[in-house]
Amino acid sequence: MHSAAPLFDALKHFVERDQAPFYSPGHKGGRTLDPWFRDNIAAIDLNNLPDTDNLHSPAGPILAAERLIADAWGVPQSFIVVQGSTGGNIAVAFSALHPDEPVLVARNAHKSVLAGLVQVGARPVWLEPRWDAEFGVAHGLDAAVVESTFANSAAKALWILHPTYYGTCGDIGVLAGMCRRNDAKLLVDGAHSPHFAFHPDLPASGETSGAAATVQSVHKILSGLSQAAVLHVDTAVIDPASVRRALQLIQTTSPHFAIMTSIDLARRQMMLDGRALLDQTLDRARRTADRLEDIDGLRVLRQHDLAGAGTGLHQLDETKLLIGTSGLAADAREIVGRLNSIHGVQPELAGTGHVLCITTIGNTDRDMDRLVAGFTEVAAHVGRNDENQPAGLTADVLAVRPETALTPREAFFAADKTVALAQASGRIAAEAITPYPPGIPLVMPGERFSADVIALLSALRTAGNPISAADPSLETVKTVR
Ligand SMILES: Cc1ncc(COP(=O)(O)O)c(C=O)c1O
């Protein structure tokens, strides 16, 4: 039995297949990495030694690398993070928020933002992002939503997702101005934005638009290894010593030197060749979007779909291909299954009515040809869906506003009880429950289950919608005792 190594075998099989990679990491199987670095990843798996420096109190090459990162991204100070944007977002919560303090947070925030809120005990005021029924995704925040919430709260911070997973952005300039007028810090989960600083056709970046803190996953789009992230700080607003203290508290004491070095090299690559590499990437992605749109039944989110200044759909990262599939007579997951099994094309994800492909400096013209050929065959195979999609239950999920009774931290640490969903009315949730679509939590920890919420959750369960929860079957839910 123990001669088996199932994970090793699965990865070996995956790598040995000839895949067209439309997923992150951005280096696409090592294509964009420095050759010496790629060949010596095991050799540089070192410990904190006098020659290598120490991430927790850098004084040598790590400090020099962090200074170059700050210079490249155009910010006062940057920190290397080896635990992804997940670690970066938690460090932001520790450095910028206080227990019980109100903070405006986009409801489609990544769960690491919720983790930060639970750890600090801040009081989130949830903001509904702009919903896109055609593509079945949530975008950024409409400025009007933020403005009216600022007026009714004493929030000292606004925490946004910029861009969304799908590459769409709200109007960060307007949001930053609103924060300044309200004396509030702008915090940016920019996990998908490490490349914005390096090309003028990409959306405005958090770190140059007035954010107090911006977190970016270098691994998602640039040549970072998985977990490689950076945290940029405006030191006039956030004390860098508090950030270092937070990172010391949450990061491993054995950071992988290959992860840290990949950020150093990704920075060098962008500063030396970034403009030209991103020119090619954008050009390739735009041409591919044109070709995909020529396929009967497909749509691609393009510049002309943007909704204008002040909206949650103000700018678009065109390196991401958000492909609307509701014109085809198959579920997006089936489409991705066929793309993978028949054509060796692997997108990043499939959701209801969409497929997301991440293209980076690591993709080639051949990858793009395979993507287009794959979609052409799959579209012909499954055929068109000419019926209007029923709105389903998504509109109901978006309309529900459960009452907030406790902070996420209070709910998380309260004595809890697992109860049948039907018996949960009036109880306070001790977990987040997220139906797909829309992929926005219907219930957050600390919010109260009402009869309406329970009826909607039961309907979602009956309709077979995938649900992320402690018990995904929703037979039971976790509540405060
Ligand atoms: C918006 C957003 N924020 C944060 C994260 C966490 O990033 P990481 O995987 O680098 O920890 C992700 C990951 O997908 C994300 O999509």
**Fill in**
Length gained, Ala463-Leu349, 0.36 nm per residue minus C-alpha separation, equals 38.9 nm
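So what's the convex hull volume per residue for the Cα atoms of the range 349-481, in Å³? Don't jump to the answer; show the numbers that get you there.
Working: hull volume 19.3 nm³, N = 133.
Dividing the Cα hull volume of the range 349-481 by its residues yields 145 Å³.
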**Message:** Can you order the peptides 18-26, 221-229, 463-471 by their average number of other Cβ atoms within 10 Å per residue, highest first?
**Reply:** 221-229, 18-26, 463-471
**Asked** Roughly speaking, what is the centre-to-centre gap between the range 111-170 and the range 463-478 when only Cα atoms are used, to the nearest Å?
**Response** 24 Å
**Asked** Non-local amide H neighbours of Gln77 (under 5 Å, H modeled in plane, Pro and chain starts lacking H): which ones?
**Response** Val233, Thr235
**Request:** Compute, for His98, the solvent-accessible surface of its heavy atoms (probe 1.4 Å) with the complete set of protein chains present, and express it in square angstrom to the nearest 10.
**Result:** 100 Å²
**Asked** Contour minus end-to-end for Ala144 and Ala307, with contour as 0.36 nm per residue of separation and end-to-end as the Cα-Cα distance?
**Response** 57.3 nm
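Decide, for the range 261-345, between rounded, prolate and oblate: order the square roots of the alpha carbon gyration tensor eigenvalues as a ≥ b ≥ c, take rounded if a/c falls under 1.5, and otherwise choose prolate if a/b is larger than b/c, else oblate. Please list the in-between numbers first.
Numbers: a/c = 2.28, a/b = 1.40, b/c = 1.63.
Note, shape of the range 261-345 comes out oblate.
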**Asked** Just how far, in whole angstrom, is the range 346-409 from the range 18-35 if you go by their alpha carbon centroids?
**Response** 22 Å
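Stick to the Cα atoms of the range 181-320, pair each with every other, and give me the Kirkwood hydrodynamic radius in Å at one decimal.
Numbers: mean 1/r = 0.0583 Å⁻¹.
When all Cα pairs of the range 181-320 are included, the Kirkwood radius is 17.2 Å.
Return the equivalent ellipsoid semi-axes of the range 13-61 as a descending list in whole Å, where each equals the square root of 5 times an eigenvalue of the C-alpha gyration tensor. Display every interim value, and only then the final one.
Values: eigenvalues 189, 30, 19 Å².
They are 31, 12, 10 Å, listed largest first.
Shape verdict for the chain, please, from the Cα gyration tensor: rounded (a/c under 1.5), prolate (a/b greater than b/c) or oblate. Could you put the intermediate results ahead of the total?
Numbers: a/c = 1.40, a/b = 1.05, b/c = 1.33.
Taking the square roots of the gyration eigenvalues as a ≥ b ≥ c, the chain is rounded.
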**Asked** Based on DSSP, what percent of beta bridges with both residues in the chain are antiparallel, to the nearest 5?
**Response** 65 percent
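Report, in debye and to the nearest 20, how large the dipole of the chain comes out about its Cα centre when Lys and Arg carry +1 and Asp and Glu carry -1 on their Cβ. Display every interim value, and only then the final one.
Working: 40 positive and 53 negative charges, 150 e Å.
Value, rounded to 20: 720 debye.
Heavy atoms only, probe 1.4 angstrom, no DNA, RNA or ligands counted: give me Thr235, Thr404 ranked by accessible area, highest first.
Thr404, Thr235
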**Prompt:** Which entries of Lys12/Lys320; Lys185/Lys320; Lys111/Lys220 show an alpha-carbon separation above 21 angstrom in the structure shown?
**Reply:** Lys12/Lys320; Lys185/Lys320
**Complete:** Note on the chain: contact order normalised by length, alpha-carbon pairs under 8 Å, 6 or more apart, percent, works out to 17 percent
**Message:** How high is the relative contact order of the range 149-262? Use alpha-carbon pairs under 8 Å, at least six apart in sequence, and give a whole percent.
**Reply:** 20 percent
**Phi to ³J(HN,Hα) by Karplus 6.51 cos²θ - 1.76 cosθ + 1.60 over the range 216-232, Hz, x for Gly, Pro** = 9, 8, 5, 6, 6, 10, 9, 8, x, 6, 3, 5, 6, 9, 10, 10, 9
**Prompt:** When the solvent-accessible surface of protein heavy atoms is calculated with a 1.4 angstrom probe, in what order do Val237, Val378 fall, highest first?
**Reply:** Val237, Val378
**Message:** Based only on Cα atoms, what mean projected area does the convex hull of the range 421-481 have, in nm²?
**Reply:** 3.4 nm²
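When the helices in the chain are scored as -39500 (n - 2.57) per DSSP H run of 4 or longer and the sum is shared across all residues, what 222 nm value do you end up with, to the nearest 500 deg cm²/dmol? Display every interim value, and only then the final one.
Working: 15 runs with 178 residues, N = 481.
Result for the chain: -11500 deg cm²/dmol, rounded to the nearest 500.
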**Complete:** Expressed in µm² per second, the diffusion coefficient of the range 142-182 from the Stokes-Einstein equation, with Rh the Kirkwood radius over alpha carbon pairs, at 25 °C and 0.890 mPa s, is 227 µm²/s
**Message:** 7 Å from Cα along Cα→Cβ at both His381 and His98: what's the point-to-point distance in nm?
**Reply:** 5.9 nm
**Item:** GluC sites (Glu not before Pro), loop per DSSP, at most 16 other Cβ atoms within 10 Å - longest free stretch of the chain
**Value:** 135-386
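So, counting K/R as plus one and D/E as minus one, what does the shell of residues with Cβ under 12 Å around Asp369 add up to? Write out the running numbers ahead of the final one.
Numbers: positive: Arg284, Arg287, Arg291, Arg366, Arg370; negative: Asp365, Asp367.
Net of charged neighbours comes to +3.
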**Message:** So, R0 is 30 Å and r is the distance between the beta-carbons of Glu475 and Phe14; what FRET efficiency does that work out to, to 0.05?
**Reply:** 0.30
**Message:** Within the range 415-442, list the residues whose amide N lies under 19 Å from a label point set 7 Å along Cα→Cβ of Ala455.
**Reply:** 421-427, 442
**Complete:** Under the rule rounded for a/c under 1.5, else prolate if a/b exceeds b/c, else oblate, using alpha carbon gyration tensor axes a ≥ b ≥ c, the range 12-152 is classed as oblate
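Could you give the length gained on full extension between Lys111 and Arg275, defined as 0.36 nm per residue of separation minus the Cα-Cα distance, in nm? Kindly include the intermediate steps, with their values, before the conclusion.
On the way: separation 164, 0.36 × 164 = 59.04 nm, distance 3.25 nm.
Value of the extension gain: 55.8 nm.
Pairs of Cα atoms under 8 Å, at least six residues apart: use those to get the relative contact order of the range 220-276, whole percent.
Worked out over the range 220-276, it gives 60 percent.
The values are calculated or read from the model by the stated rules, or taken from the named source; none is laboratory data. Quick caveat: nothing in here was measured; it's all calculated off a predicted structure. Note that we place each Cβ from the backbone using ideal geometry, even for glycine, and neighbour counts take in every protein chain shown. Side chains are part of the model used for accessible areas, which takes the heavy atoms of the whole protein and leaves out ligands, DNA and RNA. Shrake-Rupley method; radii C 1.70, N 1.55, O 1.52, S 1.80 Å.
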